[in-house]
Every structure is written in C-alpha cells, then in structure tokens.
Amino acid sequence: MTTESDATSDVTTETITTDAGDARITWHHAGQPRLVLAAGHGAGGGIGARDLAALAAVLPAHGVTVALVEQPWRVAGKKVAPAPKTLDTGWRGVWPALTRPGLPVISGGRSAGARVACRTATELGARAVLALSFPLHPPGRPEKSRADELLGAGVPTLVVQGGNDPFGKPAEFPEGDHELVEVPQADHGFAVPRRADLAQEEALRVVTDAVVRWTAALG
C-alpha cells in the first residue's frame with residue numbers, strides 16, 4: 001500500500017493491492033466523519049464523473065468521508081472493463097481499507113459500480129448501498145433485466161436515476177425495499193439537454209441533496 005497527500009486540500013490517495021491487481025482510493029476526508037461513502041466508477045469512465053465529483057465536493061461538509069475507488073483495470077490503463085466477477089474481486093480487495101477508519105461504510109457507485117455495490121453489500125457488511133444510474137438493462141433490451149441485483153442488495157438502498165436514462169428510466173424500476181430519486185430529463189451520466197427545465201448545476205444538486213438527506217437519516 002502506498003499513500004499520497006494533496007497539500008492544498010484534505011485529500012489523500014492510496015494504492016491497494018487486490019487479487020485483481022492494484023486499485024486506487026482517493027479519500028475526501030470529512031472533518032468530523034460519521035460515515036464513509038465508498039463509490040466506484042462505471043465501465044466507461046473513471047472517478048472524474050460529474051456525479052462522483054459533486055458528491056466528493058459536498059458530502060465531507062456533512063460528516064461523510066468520500067472514498068472514490070478506481071478499479072484495477074482502470075488503474076492499469078485498460079480501456080475495457082473486465083467481467084463482473086473480476087470487478088467484485090477488486091471491490092472486495094479494497095474493502096478492508098475502506099473500513100479502516102472504523103466507521104459504517106456505504107457501498108456505492110455509478111452504473112457498473114452500482115451493480116458491484118449491490119452484489120457484494122450483504123457479504124461485506126455494508127451499512128447501505130448508493131446506486132447512481134443503476135443500469136437496469138442494456139439500452140433497448142428491457143428483457144435483459146438486472147433487477148435481481150438491485151433487489152438482492154439486502155441493505156437500505158438509494159437509487160438516483162436520470163429521467164431519460166436509456167439503461168432504465170425510473171418508471172421501469174420494480175417495486176422493492178429501496179428509495180428512488182429521479183433527476184428530471186437527465187441521461188445515464190446525469191447530463192441534461194440545454195433546453196431542459198433545469199440547468200446542469202441544478203441537476204447535480206438534485207443528486208447531492210438526495211444523498212445528503214439520505215445519509216443524514218442513516219446516522
């Protein structure tokens with residue numbers, strides 16, 4: 001394990017060796033933390049995604065340390081994500097580092113990262129799951145549902161979904177033991193059209209406000 005610090009802010013980065021290769025955690029530390037939100041990226045991008053960056057900027061002021069996790073394939077510079085089993089292996093490998101602060105850990109992520117969080121939450125002892133842009137099905141293939149992963153999380157779960165997400169619109173989601181917040185007119189990356197009823201910053205505020213409220217209720 002190697003650790004680096006950012007002298008300009010309360011951000012540290014560490015490399016964790018897992019059975020799937022080296023992963024990287026970028027910690028955005030809260031001054032008086034009560035929870036850790038571990039958030040993984042999707043299959044098509046990294047931790048610079050607009051929703052992950054927004055949560056890392058907002059949540060520490062509300063007592064939530066945000067740990068943005070880069071999967072080994074991304075750290076290694078590969079372009080294509082591996083099979084779900086390998087993603088789960090990488091996530092399990094970083095979990096001891098995520099629990100090191102001794103705080104309850106919310107397992108989360110966007111898209112493929114949300115699927116990983118759901119699949120492993122009960123096994124790893126996650127306090128809850130945050131599923132950003134959960135890919136309920138491949139675009140145009142509603143018959144290929146992944147609802148069983150979401151419904152099987154086994155812990156309190158918040159889904160934040162774009163109203164125009166081709167991977168699953170909010171109305172397509174099954175009923176279950178989870179809360180769903182819609183970001184109006186947003187796509188899979190929470191981008192909104194220029195002529196949308198809300199600006200891009202307002203769309204991201206829907207995401208962060210929902211997570212701030214939800215984490216406050218978790219304790």
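The values are calculated or read from the model by the stated rules, or taken from the named source; none is laboratory data. All figures in this text were calculated on a predicted structure; none of them were measured in a lab. Every residue, glycine among them, receives a Cβ derived from its backbone with ideal geometry; neighbour counts consider all protein chains shown. Heavy atoms of the whole protein, side chains included, go into the accessibility calculation; ligands, DNA and RNA do not. Shrake-Rupley method; radii C 1.70, N 1.55, O 1.52, S 1.80 Å.
Some notes on this structure:
- Among 77-88, 164-175, the peptide with the highest mean count of other Cβ atoms within 10 Å heads the list, and the full ranking is 164-175, 77-88.
- At R0 = 22 Å, FRET efficiency that the Cβ-Cβ distance of residue 32 and residue 53 yields, to 0.05: 0.45
- Take every pair of alpha-carbon atoms less than 8 Å apart whose residues are at least six positions apart; their mean separation over the length of the chain yields a relative contact order of 16 percent.
- Accessible surface for residue 123 stands near 110 Å², nearest 10, in the context of the full protein assembly shown (1.4 Å probe).
- In sequence order, the stretch 157-172 has phi-based couplings of 10, 10, 9, 10, 10, x, x, 10, 6, x, 8, x, 7, x, 5, 7 Hz under the Karplus curve 6.51 cos²θ - 1.76 cosθ + 1.60, θ = phi - 60°, and Gly or Pro positions carry x.
- With every protein chain in place, the chain: carbon and sulfur % of accessible area (1.4 Å): 51
- Computed [θ] at 222 nm, helices only, for the chain once each DSSP H run of length n ≥ 4 contributes -39500 (n - 2.57): -9000 deg cm²/dmol
- Loop sites in the stretch 112-219: trypsin sites (Lys or Arg not before Pro), DSSP, at most 16 other Cβ within 10 Å: 144, 194, 195
- Relative contact order for the stretch 112-219, counting Cα pairs under 8 Å that sit 6 or more residues apart, in percent: 21
- 3J(HN,Hα) from dihedral phi, the stretch 85-99, Karplus parametrisation 6.51/-1.76/1.60, rounded to Hz, x for glycine, proline: 4, 6, 4, 5, 4, x, 5, 4, x, 8, 4, x, 5, 5, 8
- Amide hydrogen proximity for residue 157: with H placed 1.01 Å from N in the peptide plane, the residues at 5 or more positions away or on another chain lying under 5 Å are 129, 179.
- Surface accessible to a 1.4 Å probe, per residue, for the residues of the chain, Å²: 45
- Cα centroid separation, the stretch 142-195 to the stretch 71-138 (Å): 17
- 17 Å Cα-Cα reach of residue 169 towards lysines, excluding residues that sit fewer than 8 places from it in its own chain: 144
- Taking 37 °C and 0.692 mPa s as conditions, the chain diffuses translationally at an estimated 191 µm²/s according to Stokes-Einstein applied to its Kirkwood radius (Cα pairs).
- Three-way shape label, the stretch 134-219, alpha-carbon gyration tensor, a/c 1.5: oblate
- Debye log10 I(q)/I(0) for the stretch 18-95, one point scatterer per Cα, at q = 0.24 Å⁻¹: -1.05
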